[in-house]
Amino acid sequence: MEARGIHHVGLAVADLDEAVQTYEKLFGGRVEHRERVEEQGVEAASVRVGSSRVELLAALGDDTPVGRFLAKRGPGMHHVAYEVDDIRSALRDLEAEGAELIDAEPRHGMFGLEVAFVHPDSVHGVLTEVVSG
């Protein structure tokens, strides 16, 4: 699999509005898109910082993936997302190289993207997302 580049870095936050304000004030960030995704248990904001992007993720409840992450680790880096041209091909390549996939098939992600996650044990402890849109 060859990634086109890093699409975004996902950050788990306790308060989405506060985090957005912080990135706007400190780094000149601007909200590109904000969305509530019930099936993933998050409300997220995609914030452009220059030509880069951070995805701020707030849990909709304690018993969601981001809610459990926050309870265990507190706010901080949640995942790194790599952009690919063909997500299905990328998943086949990753699996062929021995990566443990959390998502064997892509699912609907935020902001109209197709997404799939790779287990952190396969990527030196970092939850990894592949995205295409």
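The values are calculated or read from the model by the stated rules, or taken from the named source; none is laboratory data. Bear in mind that the values here come from a model prediction, so they are computed numbers and not experimental data. No Cβ is skipped: glycine too gets one built from the backbone with ideal geometry, and neighbour counts run over all protein chains shown. Side chains included, ligands, DNA and RNA excluded: accessible areas come from the protein's heavy atoms. Shrake-Rupley method; radii C 1.70, N 1.55, O 1.52, S 1.80 Å.
List of remarks:
- Selection from region 53-63 of residues that are open to solvent by less than 20 Å² (accessible area, probe 1.4 Å) and farther than 24 Å from residue 22 by Cα: none
- Among the residues listed as 43, 39, 24, 18, the single one being within 20 Å of residue 73 (Cα to Cα), of a type outside the set (Phe, Trp, Tyr) and part of a helix (DSSP H, G or I): 18
- Considered as a group, the residues in region 27-51 that are open to solvent by 70 Å² or more (accessible area, probe 1.4 Å) and farther than 18 Å from residue 115 by Cα include one that is farthest from the chain's Cα centre (by Cα), and that residue is 27.
- Top-ranked residue of region 70-111 - restricted to ones that are among the small types (Gly, Ala, Ser) and under 13 Å from the mean Cα position of the chain (by Cα), ranked as surrounded by the fewest Cβ atoms within 10 Å (Cβ to Cβ): 76
- Residue within region 112-122 that is within 18 Å of residue 6 (Cα to Cα), among the acidic types (Asp, Glu) and in contact (Cβ under 8 Å) with a residue 60 or more places away in the chain present: no
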